[in-house]
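Here's the structure we're looking at; comments come further down.
The values are calculated or read from the model by the stated rules, or taken from the named source; none is laboratory data. No experiment lies behind these values; they were computed from the predicted model shown. Here the Cβ positions follow ideal geometry from the backbone for every residue, glycine too, while neighbour counts run over all protein chains shown. The area values use the complete protein model at the heavy-atom level, side chains included, leaving out ligands, DNA and RNA. Shrake-Rupley method; radii C 1.70, N 1.55, O 1.52, S 1.80 Å.
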Amino acid sequence: MKKKIILKALNLFLSLGFKSVTMDDLAQSMSISKKTIYQFFKNKNQLISSCTESIQKQLVETFKEIRKNADNPIVELFEMKKEAMKILGNTEASPQFQLQKFYPEIYEEIKNREFNLFKDNIQESLKRGIKSEYFRKEINIDFVTRIYLNGMRGVRDINLFPLNEFKVDEVIEDFIEYHLRAISTKKGLSLLNKIYKKSEL
């Protein structure tokens, strides 16, 4: 039942917003009592926290699949960005905006979980890039992993990049390019330039 509640709550939160959905709405949509929900979650904040952790774990698995199927680690990053944008959104109604504005403590939890959840995936991608000669062999993998994760946090910060001035997907795209140009070999840069040239057609 706990998994069912998280799944339904996620669906409602992502479509209507974390702030808008009440525990009553959730109970009604599942045809159960609020008492049943409170058996598993002491309050709405705990439910939201569980839902955001579930999203992060789903993204980790999705990113693993992307890495298996992508031709190279550069294409892989752009594919990951597409998947992440399905959740992040570009508007003030987006989940990340609502979490930062109305549930800052939960948003801090998300940021704190990110390193442990995503570091292995990023490091594997970097190692693959070095092996395939898209990334420079002398890069410090641990350092680049931490800088990348910290940068991705920064570009999603609505105080640093207000949504009325910046589009999340464009800022993330700029950061990915910035990141790739810093670590790529001539081979990697050549591919990156071809990707951007193709996107302009």
Just need the relative contact order of the chain here, percent rounded to a whole number, with Cα pairs under 8 Å and 6+ apart. 21
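Can you quote the Å³ per residue value for the convex hull of the Cα atoms in the range 129-201, rounded to an integer?
Numbers: hull volume 6.2 nm³, N = 73.
That works out to 84 Å³ per residue.
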Take every Cα-Cα distance within the chain, group them into 5 Å bins from 0 onward, and report for each bin the whole-number percent of pairs it holds. 1, 7, 14, 17, 17, 14, 11, 8, 5, 3, 2, 0, 0
Quick one: which residues, 5+ away or cross-chain, put their amide H under 5 Å from the amide H of PHE135? H built at 1.01 Å from N. ILE130, THR185
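Tell me the per residue accessible area of the range 1-134 using a 1.4 Å probe; a whole number in Å² is fine. Let's see the in-between values first.
Values: 7320 Å² over 134 residues.
Ligands and nucleic acids excluded, the result is 55 Å² per residue.
Please give the net charge around ALA9, taking every other residue with its beta carbon less than 10 angstrom from that of ALA9, where Lys and Arg add +1 and Asp and Glu add -1.
Numbers: positive: LYS4, LYS8, LYS44; negative: ASP25.
In short, +2.
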Compute the Cα gyration tensor for the range 1-55, then decide on rounded, prolate or oblate, letting a ≥ b ≥ c be the square roots of its eigenvalues: rounded whenever a/c is under 1.5, prolate when a/b is larger than b/c in the other cases, and oblate in all that remain. rounded
Qualifying aspartates and glutamates (Cα of each under 20 Å from Cα of LYS42; at least 8 residues distant if same chain): ASP24, ASP25, GLU53, GLU105, GLU108, GLU109
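Summing Lys, Arg as +1 and Asp, Glu as -1, what charge do residues with Cβ under 14 Å from the Cβ of GLU170 carry, GLU170 excluded?
Numbers: positive: LYS81, LYS82, ARG156, LYS167; negative: GLU165, ASP169, GLU173, ASP174, GLU177.
Charge balance in the 14 Å sphere: -1.
Probe radius 1.4 Å, ligands and nucleic acids ignored: give me the carbon and sulfur share of the accessible area of the chain as a rounded percent.
Numbers: 5940 of 11670 Å².
Here carbon and sulfur together make up 51 percent of the probe-accessible area.
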At q = 0.13, 0.18, 0.22, 0.27 Å⁻¹, what log₁₀ I(q)/I(0) does a Debye calculation on the Cα points of the range 80-134 give, no solvent, two decimals? -0.47, -0.75, -0.91, -1.06
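CYS51: net charge of surrounding residues, Cβ under 12 Å, Lys/Arg +1, Asp/Glu -1, itself excluded? Don't skip to the end; give the middle numbers.
On the way: positive: LYS2, LYS3, LYS8, LYS44, LYS57; negative: GLU53, GLU109.
Here the count lands on +3.
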Over what distance in Å are the Cα centres of the range 1-27 and the range 119-157 separated? 34
Considering only Cα-Cα distances, which of the following residue pairs are longer than 31 Å: LYS4/LYS198; LYS64/LYS187; LYS34/LYS119? LYS4/LYS198; LYS34/LYS119
From largest to smallest, what semi-axes in whole angstrom does the range 1-114 give when each is the square root of 5 times an eigenvalue of its alpha carbon gyration tensor? 28, 15, 13
